[in-house]
Amino acid sequence: AVPRLKNTTMTPNQAPKPARRHLERPSKEQIKLLPPFDALPRQHIHVLRTPEDFAFALAQLRNEPFIGFDTESKPCFTSDAPRTGPHVLQFATREQAFIVQLNNDPPLDFLREVIESPHMVKVGFGLKSDRGPLQRKLGLQLGASIDLATGMRKLGYKQAVGVRTAVAIALGRRLHKAKSATTSNWAAISLSEGQVQYAGEDAFAALAVFYALGLGDRPRS
C-alpha cells in the first residue's frame, strides 16, 4: 500500500506507486506435499526412428500453434570435458510427445521444419541457452519461441523458475524428476524407458504450464 504522507497534498498522478513485491518460489518441501502431476501415458510418447514416424509426428505438430520443446544433453562431470549436446530433442502437443535422438544421422529436414518454423511456436524453459548448441550442432536457428523462464520472472518471480517449480505454481502439482534420468547418458544409442518417460514429460509439462497460465488464449502478435 502507498504510505501515508503527513502534511502533503498530492494529485493521483503525483502519488508514489507501491513497490512491486517479488513472489517467492515454493520450497522443495512444499512441492513434495503436492499431488503428483498427471503423467503422459507411455504409449503417447513416441521415439521417432523411421520416415513414417517422422511423417506422423510432423502431421500432429503442424496442427498445433504452440508445441512444448526441450533438449537433453549427456552430462559433463569435469570442466574440461567437451560439450557435444544436445543429444535428444523433445516436442509435445497437449496429448503426445515426440523424441528425436541426434546420433550420426539426425533427421535435418524434419528438425528444420519444426525448429525454424515461424508458425509452430516452441514453448519451454531456458530456450536462450538452447540457441547456440542448436546452431553449432545442427546449423539450425530456433524460430518462433516463448521462454517460460522469462515469463515466470514477468509474473513476479525474481528467482529462476524451472519446469518442476512452474508445475507446482501453475498447476498445484508435483512433477517427478528422477536424478538417475537427469544425470544419465543421453548420448546412448538406445534410451531407457525411464529416459523416454522423463524426456517426454519435460516437453509436455512445459506446454501444460503455458496453457495453465492462460498464455495460449492470448492473441499472438
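Here, each number is a calculation from the coordinates, and none is a lab measurement. Note that this is a predicted model, so its numbers are computed, not measured. Note that we place each Cβ from the backbone using ideal geometry, even for glycine, and neighbour counts take in every protein chain shown.
What helices does the chain hold that run 24 Å or longer along their axis, going by alpha-carbon atoms, with a Kyte-Doolittle average of -0.5 or more, using DSSP H for the helix calls? Provide the component values of the computation, followed by the final result.
On the way: long enough: 193-212 (28 Å, 0.38).
Helices meeting the criterion: 193-212.
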Of Arg112, Arg49, Arg62, the one that fluctuates the most in a GNM where the chain has Cα springs shorter than 10 Å: Arg49
Gain in span if fully extended, Ser190 to Glu24, counting 0.36 nm per residue against the direct Cα distance: 55.8 nm
Contour excess over end-to-end distance, with Cα ends at Lys137 and Ala59 and 0.36 nm allotted per residue: 25.6 nm
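Given an 8 Å cut-off on Cα distances and at least 6 residues of separation, report the relative contact order of the chain as a percent.
Values: 334 pairs, mean separation 61.7, N = 221.
Once divided by the residue count of the chain, the mean separation gives 28 percent.
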Student exercise, the range 130-201 dipole from Lys, Arg, Asp, Glu Cβ charges, in Debye to nearest 20: 320
Net charge contributed by nearby residues that have their C-beta within less than 15 Å of Leu191 (K/R +1, D/E -1): -3
Difference of contour (0.36 nm per residue) and Cα-Cα distance, Lys158 to Gln43: 37.7 nm
For the range 154-207, alpha-carbon Rg relative to the globular expectation (2.2 N^0.38 Å, N residues): 1.31
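Kirkwood hydrodynamic radius, computed over distinct alpha-carbon pairs, for the range 56-123: how many Å, to one decimal? Present the calculation step by step, with values, prior to reporting the outcome.
Values: mean 1/r = 0.0766 Å⁻¹.
Mean inverse Cα-Cα distance, inverted, gives 13.1 Å.
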Along each principal axis, Cα extent of the range 124-165, largest first, Å: 35, 17, 14
Compactness relative to 2.2 N^0.38 Å, alpha carbon Rg of the chain: 1.19
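Once you've got the Cα coordinates, tell me which of Lys28/Lys137; Lys154/Lys177; Lys122/Lys177; Lys28/Lys128 are over 29 Å apart. Walk me through the intermediate numbers first.
Values: Lys28/Lys137 35 Å; Lys154/Lys177 25 Å; Lys122/Lys177 22 Å; Lys28/Lys128 25 Å.
Flagged as over cut-off: Lys28/Lys137.
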Dipole magnitude (debye, nearest 20) for the range 58-190, charges at Cβ of Lys, Arg, Asp, Glu: 640
In the range 67-150, GluC sites (Glu not before Pro) in a DSSP loop with at most 12 other beta-carbon atoms within 10 Å: Glu95
The range 97-221 shape via C-alpha gyration tensor axes, a/c threshold 1.5: oblate
